[in-house]
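The values are calculated or read from the model by the stated rules, or taken from the named source; none is laboratory data. Keep in mind that this is a model prediction, so the values were computed, not measured. Cβ placement follows ideal geometry from the backbone for every residue including glycine, while neighbour counts extend to all protein chains displayed.
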Amino acid sequence: MTSLQPSYPSTLPLASIVKGDNPRRYFDRKKHEEMVASIRQRGILQPILLRPKDDVYAIVAGERRYRAGLEVYGLDGEVPVIIRVMTDQEALDAAIAENDDRDDPSETEQADAAVRYLAACNGDRAEAARRLAWSRAKLDRRLALAELTDAAKTALDERRIKVGHAELLAVIPKDKQDTALDTILRLNLDVNDTRKELMRITHSLASACFDKTECATCPFNSAAQQVLFETHVDDGHCTNPGCFKLKTEAAEVIRFEEKERAAKAARRAMPPAADDADADAQDDVTVEPAPSMDLQPQPERGAISSSAVENREPPPPRTAETVPAASTAHKPTVTARSIATRTAELREATWRTALARALAGNAVHARTTILVAAMSGTLSQIKPDTLTSRAGILVGASFPDLDFKGKIAEIRALADARAANVLAVIGGAYAKDVLSFDHVADLARVFEVDLRETWQVDQTFLERYTKEELKFIAQECGLIAHVGEKRFAKLLASKKTELVTSMLNRIGFDWAGRLPGCMTLDGAYGPPPDRAAQPADAPISQIAA
């Protein structure tokens with residue numbers, strides 16, 4: 001049996017009516033005055049559509065008539081109404097349909113409606129577009145305009161700015177929009193002039209020194225804006241100068257620390273000055289292939305234990321025939337392990353920097369790192385001044401001077417993108433400061449950090465090694481196979497400085513992407529990545545990595 005619908009009156013006093021969730025946000029003053037004049041002469045001819053809500057009735061369609069009626073009749077005046085029981089979604093559907101039919105809604109009203117529909121569709125844009133009877137492109141454009149500040153929306157509603165102005169404002173951070181809007185209105189800038197002004201505060205992504213992986217899908221990337229809007233800045237630019245500056249500063253800090261660590265490691269590991277003097281006696285070297293190895297600290301080259309001294313037999317008499325043989329017999333064998341022992345500090349510093357850079361460019365990986373560090377009790381190993389010294393840049397200039405309560409409020413007010421940057425910097429700080437290098441290595445493996453993308457064999461690296469070790473590296477990395485053993489033997493007979501220069505400048509041989517075993521996490525040589533294996537449709541960011 002069907003239950004009877006309640007009976008509702010056909011007129012109501014305006015005092016019993018309240019505003020509903022009408023997507024219309026702007027009411028033209030001239031049209032309002034015309035409607036007031038019409039109601040004074042003829043009354044309200046079209047009933048206002050209402051729905052019951054608590055003890056009153058909320059407007060579904062007809063807010064302009066309601067506003068004009070208030071001016072003509074006051075709260076006690078009765079107006080014709082139609083009352084229907086409706087869900088929130090049904091009321092929204094009816095309001096949007098009524099606005100579209102009676103008077104073209106503004107772009108910002110459509111933007112607000114798009115946001116509400118998207119929420120009702122649980123984020124399904126295709127479904128929201130279908131229910132709105134819009135194209136997917138129109139839905140995406142209106143959702144982008146929803147990022148305008150209230151002041152910018154009002155300016156567009158009142159037609160003090162054009163849609164082109166609004167599209168340009170929508171792609172810069174909200175905290176900059178009102179200032180830009182004031183400039184547009186004060187200087188009476190047209191759309192083209194506004195675009196030129198915004199270009200002055202954008203940054204070319206091609207010149208960025210940080211990892212741009214996240215930029216590919218960022219709404220502040222002008223490439224994404226070009227797809228959405230007819231009016232946009234040039235392709236390949238970042239329209240969020242604050243984020244660009246923050247990432248640049250973080251990358252520069254990492255680069256500076258990397259140079260300091262590398263220079264410090266180079267000074268500590270520099271071989272004795274006598275190396276060149278003994279070079280000619282070191283040509284006949286036994287070089288073993290790099291094994292899969294455990295990179296644990298080993299005794300210093302040439303160190304001899306006390307037991308070895310006690311049990312050592314007297315050396316044979318030195319004769320012209322025996323001296324070369326004895327020299328060769330006592331010469332230490334060069335292996336990847338022996339080289340890694342002297343490279344440990346540089347290797348750790350370089351991997352820490354590479355991981356820090358990777359985390360600084362990936363907020364998801366940084367968040368995982370922070371959670372694991374916190375749950376394992378190692379998050380506290382981040383040095384206090386590592387983050388506090390940068391708080392003014394990461395959060396805000398006034399942040400260091402706030403009391404704790406004020407700092408809580410400041411952090412809560414951070415935009416999602418800026419908060420993600422802060423997390424990325426915390427993850428990078430952990431990579432630099434955590435005591436155990438094993439943690440760094442595990443994170444680097446899980447996140448597939450490739451040291452070949454950020455580090456390369458150079459003069460500083462090669463100069464730290466003896467000629468025997470240089471020969472091992474040359475063989476391991478394929479240089480000897482490239483030039484031939486006889487030709488390399490001639491290079492080996494020269495002074496070490498000349499040998500290093502020759503190794504770095506061999507025609508047709510590129511050190512890029514070649515990672516000696518002493519620098520890898522597992523001690524195995526890392527060959528250059530196979531560029532030919534890249535899929536034809538691979539993203540440019542991957543091919544250029």
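Key figures
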{"item": "Boolean, Thr328 is assigned to a helix (DSSP H, G or I), modelled with pLDDT of 50 or more, within 56 Å of the chain's Cα centre (by Cα) and more than 30 Å from Asp211 (Cα to Cα)", "result": "no"}
{"item": "Sole exception among (1) under 30 Å from Ala354 (Cβ atoms); (2) in a helix (DSSP H, G or I); (3) of a type in the set (Asp, Glu) for Asp211, by number", "result": "(2)"}
{"item": "Of all residues making up segment 190-201, the number that are more than 18 Å from Leu148 (Cα to Cα) and in contact with a His (Cβ under 8 Å, 6 or more places away or on another chain)", "result": "1"}
{"item": "Filtered residues of segment 334-355 (kept if farther than 18 Å from Leu462 by Cβ and either in contact with a His (Cβ under 6 Å, 6 or more places away or on another chain) or modelled with pLDDT of 80 or more (or both))", "result": "Glu348, Trp351, Arg352, Thr353, Ala354, Leu355"}
{"item": "Filter result for Leu394 (crowded, with 19+ Cβ neighbours inside 10 Å, in contact (Cβ under 8 Å) with a residue 12 or more places away in the chain and more than 30 Å from Thr520 (Cβ to Cβ))", "result": "yes"}
{"item": "Selected residue [modelled with pLDDT of 85 or more and surrounded by 13 or more Cβ atoms within 10 Å (Cβ to Cβ)] from Ile370, Ile408", "result": "Ile370"}
{"item": "Which numbered condition Ser204 fails, given (1) buried (at least 18 other Cβ atoms within 10 Å of the Cβ); (2) under 23 Å from the mean Cα position of the chain (by Cα); (3) not acidic (Asp, Glu)", "result": "(1)"}
{"item": "Asp140 vs. criteria under 20 Å from Leu189 (Cα atoms) and modelled with pLDDT under 85", "result": "no"}
{"item": "Residues of segment 59-85 classified as of a type in the set (Val, Ile, Thr), in contact (Cβ under 8 Å) with a residue 40 or more places away in the chain and touching a helix residue (DSSP H, G or I) at 6+ places or on another chain (Cβ under 7 Å), total", "result": "3"}
{"item": "Lone unmet requirement of (1) assigned to a helix (DSSP H, G or I); (2) within 25 Å of Lys259 (Cβ to Cβ); (3) β-branched (Val, Ile, Thr); (4) at pLDDT 90 or above for Ile480", "result": "(2)"}
{"item": "Count of segment 354-369 residues which are assigned to a helix (DSSP H, G or I) and among the polar types (S, T, N, Q)", "result": "2"}
{"item": "Entirely in segment 370-446, the helices (runs of 4 or more DSSP H) that have 2 or more residues that are in contact with a helix residue (DSSP H, G or I) (Cβ under 9 Å, 6 or more places away or on another chain) and within 19 Å of Leu355 (Cβ to Cβ)", "result": "384-388, 416-433, 437-446"}
{"item": "Output for segment 447-471, where each listed residue is of a type in the set (A, V, I, L, M) and surrounded by 22 or more Cβ atoms within 10 Å (Cβ to Cβ)", "result": "Val449, Leu470"}
{"item": "In segment 347-376, the residues that are closer than 30 Å to Ala336 by Cα and of a type in the set (Lys, Arg)", "result": "Arg347, Arg352, Arg357"}
{"item": "First in segment 337-348 and under 10 Å from Ala265 (Cα atoms) and surrounded by 19 or more Cβ atoms within 10 Å (Cβ to Cβ), second anywhere and of a type in the set (Lys, Arg) and modelled with pLDDT under 80, Cβ under 8 Å, 6 or more apart", "result": "Arg342/Arg301; Leu346/Arg261"}
{"item": "Test: residue in segment 480-499 that is surrounded by 15 or more Cβ atoms within 10 Å (Cβ to Cβ), under 21 Å from Thr350 (Cβ atoms) and without any contact (Cβ under 8 Å) to a residue 60 or more places away in the chain", "result": "no"}
{"item": "Sole residue being of a type in the set (Gly, Ala, Ser), touching a Lys or Arg at 6+ places or on another chain (Cβ under 6 Å) and surrounded by 18 or more Cβ atoms within 10 Å (Cβ to Cβ), chosen from Ala424, Ala444, Ala431, Ala474", "result": "Ala431"}
{"item": "Segments classed as helices (runs of 4 or more DSSP H), wholly inside segment 34-139, with at least 3 members that are of a type in the set (Asp, Glu)", "result": "88-102, 107-120"}
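Each row is one residue, and each column tells you yes or no for (1) loosely packed, with under 14 Cβ neighbours inside 10 Å; (2) among the small types (Gly, Ala, Ser); (3) in contact with a Ser or Thr (Cβ under 7 Å, 6 or more places away or on another chain).
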position	(1), (2), (3)
Glu147	no, no, no
Lys153	no, no, yes
Asp157	no, no, yes
Val163	no, no, no
Ala166	no, yes, no
Lys176	no, no, no
Arg186	yes, no, no
Thr194	no, no, no
